[in-house]
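*Asks:* Sharing a structure here in structure tokens format.
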């Protein structure tokens, strides 16, 4: 380890995950601070290479054919200084019949002027299963710009689930752009949960293409904006194959001077395909709030509890 280099424990101390939990030899993990891999441990069936670049790392993450990684793989990306740029390039390959889940923490607790980008190419092989849960930890200043992008391909019978969560700390600015192509009998779930305050700016673009017979996809967004925060959600789902099924679901809560926009687009080009959508934008439910306040909660606490329930 280089002199003065941030340790994996220092990164994980900013999250709610106990670093000691990663001492289990059956748990794979990798930690990246700025452009340096500060820690890594692999398990059989998982092959990871990471090349350091000027402002980040380029990672190839591969699960070999028929391999089942029983315990979630932990990944941690972050920057502890107040200013900087972190660029992550990810090439994820889940080979035929393989299965893995990833718990990723992206942590920027002291950010005043930090840019974090992630550009991912993900291929989930035939009958393989890949789940990716990304949890962000930000500070109170809103000095983070987050730009995650992903192009995903699901082969026949593949299953892919992704969850993006940013509900603690200031969002700052976030611009999510995910696009998934689903081949025959594959299943896609993309979920985003974000809470914005002050002058946070949230933009989400999630697209799913159901191009194979029997493909299924769900796009779900849960967004809350308060103070002067703004959110714009573009969810698009297309179906061009018989027996493809999909649903788009966007719910946003607006408080104070927040502004929320939902743009669900569904497109069906096969008479045997079917897609539904639901979008709802509004304030906190008055009846729910009154019920909680009658049980002793203040108005602010009641609003917070309702928002947390939406985002859970």
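The values are calculated or read from the model by the stated rules, or taken from the named source; none is laboratory data. Since we're looking at a predicted model, the values are computed, not measured. As a convention, Cβ positions derive from the backbone with ideal geometry for all residues, glycine included, and neighbour counts pool all protein chains shown.
*Asks:* What residue, among those in the stretch 247-260 that are without any contact (Cβ under 8 Å) to a residue 40 or more places away in the chain and under 20 Å from the mean Cα position of the chain (by Cα), is farthest from residue 220 (Cα to Cα)?
*Replies:* From the stretch 247-260, those without any contact (Cβ under 8 Å) to a residue 40 or more places away in the chain are 247-250, 252, 254, 256-257, 259-260; that's our starting set.
The next check asks that each one be under 20 Å from the mean Cα position of the chain (by Cα); those that pass are 247-250, 252, 260.
Working: 247: 8, 248: 6, 249: 5, 250: 6, 252: 11, 260: 15 Å.
Top of the filtered list is 260.
*Asks:* Which residues, taken from the stretch 104-116, are in contact with a strand residue (DSSP E or B) (Cβ under 9 Å, 6 or more places away or on another chain) and without any contact (Cβ under 8 Å) to a residue 60 or more places away in the chain? Full working, then the answer.
*Replies:* Kept after step one, since they are in contact with a strand residue (DSSP E or B) (Cβ under 9 Å, 6 or more places away or on another chain), are these residues of the stretch 104-116: 104-109, 111-116.
Selection gives 104, 106, 108, 112, 113, 114, 115, 116.
*Asks:* Residue by residue through the stretch 110-128, note down the ones that are closer than 23 Å to residue 58 by Cα and either buried (at least 17 other Cβ atoms within 10 Å of the Cβ) or in contact with a helix residue (DSSP H, G or I) (Cβ under 8 Å, 6 or more places away or on another chain) (or both). Reasoning before the result, please.
*Replies:* In the first step, residues of the stretch 110-128 are kept if they are closer than 23 Å to residue 58 by Cα; the result is 111, 113-125.
Those that are closer than 23 Å to residue 58 by Cα and either buried (at least 17 other Cβ atoms within 10 Å of the Cβ) or in contact with a helix residue (DSSP H, G or I) (Cβ under 8 Å, 6 or more places away or on another chain) (or both): 111, 114, 115, 116, 117, 118, 119, 120, 122, 123, 124, 125.
*Asks:* Could you check the stretch 150-166 and list, in sequence order, the residues that are over 21 Å from residue 59 (Cα atoms), more than 11 Å from the chain's Cα centre (by Cα) and surrounded by fewer than 19 Cβ atoms within 10 Å (Cβ to Cβ)?
*Replies:* Of all residues in the stretch 150-166, those over 21 Å from residue 59 (Cα atoms) come to 155-159, 165-166.
Next, from what is left, pick out any that are more than 11 Å from the chain's Cα centre (by Cα): 155-159.
Scanning the stretch 150-166 gives a single hit, 156.
*Asks:* Of the conditions (1) assigned to a strand (DSSP E or B); (2) surrounded by fewer than 17 Cβ atoms within 10 Å (Cβ to Cβ), residue 256 clears all except one; give me its number.
*Replies:* So the condition that residue 256 fails would be (1).
*Asks:* Do we find that residue 198 is at pLDDT 90 or above, under 23 Å from the mean Cα position of the chain (by Cα), surrounded by fewer than 21 Cβ atoms within 10 Å (Cβ to Cβ) and within 22 Å of residue 140 (Cβ to Cβ) in this structure? Spell out how you get there, then give the answer.
*Replies:* On the way: at pLDDT 90 or above: yes; under 23 Å from the mean Cα position of the chain (by Cα): yes; surrounded by fewer than 21 Cβ atoms within 10 Å (Cβ to Cβ): yes; within 22 Å of residue 140 (Cβ to Cβ): yes.
In short, yes.
*Asks:* If you don't mind, another one. Go through the stretch 23-47 and count every residue that is buried (at least 19 other Cβ atoms within 10 Å of the Cβ) and assigned to a strand (DSSP E or B).
*Replies:* 8
*Asks:* Out of contact with any helix residue (DSSP H, G or I) (no Cβ under 6 Å at 6 or more places or on another chain), without any contact (Cβ under 8 Å) to a residue 12 or more places away in the chain, part of a loop (DSSP other than H, G, I, E, B) and exposed (fewer than 15 other Cβ atoms within 10 Å of the Cβ): is that true of residue 16 in this structure? Show your work before the answer.
*Replies:* Working: out of contact with any helix residue (DSSP H, G or I) (no Cβ under 6 Å at 6 or more places or on another chain): yes; without any contact (Cβ under 8 Å) to a residue 12 or more places away in the chain: yes; part of a loop (DSSP other than H, G, I, E, B): yes; exposed (fewer than 15 other Cβ atoms within 10 Å of the Cβ): yes.
Considered against the rule, which asks whether it is out of contact with any helix residue (DSSP H, G or I) (no Cβ under 6 Å at 6 or more places or on another chain), without any contact (Cβ under 8 Å) to a residue 12 or more places away in the chain, part of a loop (DSSP other than H, G, I, E, B) and exposed (fewer than 15 other Cβ atoms within 10 Å of the Cβ), residue 16 comes out as yes.
*Asks:* Listed residues 189, 232, 206; which is without any contact (Cβ under 8 Å) to a residue 60 or more places away in the chain, crowded, with 24+ Cβ neighbours inside 10 Å and either in contact with a strand residue (DSSP E or B) (Cβ under 9 Å, 6 or more places away or on another chain) or farther than 23 Å from residue 122 by Cβ (or both)?
*Replies:* Numbers: 189 fails: crowded, with 24+ Cβ neighbours inside 10 Å; 232 fails: crowded, with 24+ Cβ neighbours inside 10 Å.
Residue meeting the stated conditions: 206.
*Asks:* So which residues in the stretch 241-266 are within 13 Å of residue 182 (Cβ to Cβ) and touching a strand residue (DSSP E or B) at 6+ places or on another chain (Cβ under 7 Å), if there are any at all?
*Replies:* Selection gives 241, 244, 245, 246.
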